[in-house]
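Undergrad: Sharing a structure, written as structure tokens. Questions coming.
Laboratory data are not the source of any read-out in this text; all were calculated from the coordinates shown. If you're wondering where the values come from, they're calculated on a predicted model, not measured in any experiment. Note that each Cβ is placed from the backbone with ideal geometry, even for glycine, and that neighbours are counted across all protein chains shown.
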Amino acid sequence: MHEFSMTSEIAKLVLDEAQNRGAKRVLEVNLVIGKLTFLGIEQIRFSYKLLSKGTILQGSKLKIERRDGMVECDKCGYKGPIKSQEDPFYHLSFPSLACPKCSSVVKVTEGRECTIKNIRLEV
């Protein structure tokens, strides 16, 4: 259910910006959502549609760009995609904070973002 609260905050920010610019309506909202947020894209779209009803967001296009998880290792200098581990017992894969090269702990540099990239308004 955190998709609804996240989408609610996005809608509020877009509506505030549209109001500040004197927009008649919002035409398009472009988001960047990292895969490590574990936000469900379909739930975001559904929430956006619900929240936009009766506002200047209604009828606007919601475009979502997904961003893969990227990490950096201070020990060996690795920079690249995050390694995933398989759990055969639960039949799922989850991200690992172990460096794919040296197994040291890495820091996440991309993939946790949920940002409004831009919006198109009709003024």
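Undergrad: For a quick check: with amide H placed at 1.01 Å from N, whose amide H comes under 5 Å from Lys117's, ignoring anything fewer than 5 positions away on the same chain?
TA: Result for Lys117 returns Asn30, Leu31, Val32.
Undergrad: Return the whole-Å distance between the Cα centroid of region 72-123 and the Cα centroid of region 1-28.
TA: Region 72-123 and region 1-28 have Cα centres spaced 27 Å from each other.
Undergrad: By how many degrees, between 0 and 90 and to the nearest 10, does the Cα long axis of helix 2-20 differ from the longest principal axis of the chain?
TA: The answer is roughly 50 degrees.
Undergrad: Please figure out what share of the DSSP beta bridges in the chain is antiparallel and state it in percent, rounded to the nearest 5.
TA: Around 75 percent antiparallel, to the nearest 5.
Undergrad: Run the simple label-point estimate for Lys35 and Lys53 please: 7 Å along Cα→C-beta, distance reported in nm.
TA: Result for the modelled spin labels: 3.4 nm.
Undergrad: How much net charge surrounds Glu122 when only other residues with a Cβ under 14 Å from its Cβ are counted (Lys, Arg +1; Asp, Glu -1)?
TA: Numbers: positive: Arg21, Lys24, Arg25, Lys61, Arg120; negative: Glu17, Glu28.
Overall, the nearby charge balance is +3.
Undergrad: Under 26 Å between alpha carbons, and skipping anything fewer than 8 positions from Lys79 in its own chain: which lysines qualify?
TA: The qualifying lysines are Lys35, Lys101, Lys107, Lys117.
Undergrad: What chymotrypsin sites (Phe, Trp or Tyr not before Pro) does region 20-78 have in DSSP loop regions with at most 12 other beta carbons within 10 Å? Intermediate results must be reported in sequence, preceding the final value.
TA: Values: sites: Phe38, Phe46, Tyr48, Tyr78; in loops: Phe38, Tyr78.
Loop-located and lightly packed - Phe38.
Undergrad: Can you pull out the trypsin sites (Lys or Arg not before Pro) in region 23-117 that DSSP calls coil and that have at most 10 other Cβ atoms within 10 Å?
TA: Passing sites in region 23-117 are Lys24, Lys53.
Undergrad: Let me ask something else. Test of understanding: what is the full-extension gain from Lys107 to Ser8, defined as 0.36 nm times their sequence separation minus their Cα-Cα distance?
TA: Between Lys107 and Ser8, full extension yields 32.7 nm more.
Undergrad: Separate question: Taking amide H atoms as placed 1.01 Å from N in the peptide plane, list the residues 5 or more away in sequence, or in a different chain, whose amide H sits under 5 Å from that of Ser96.
TA: Those qualifying (amide H under 5 Å, at least 5 residues apart or on another chain) are Lys83, Ser84, Gln85.
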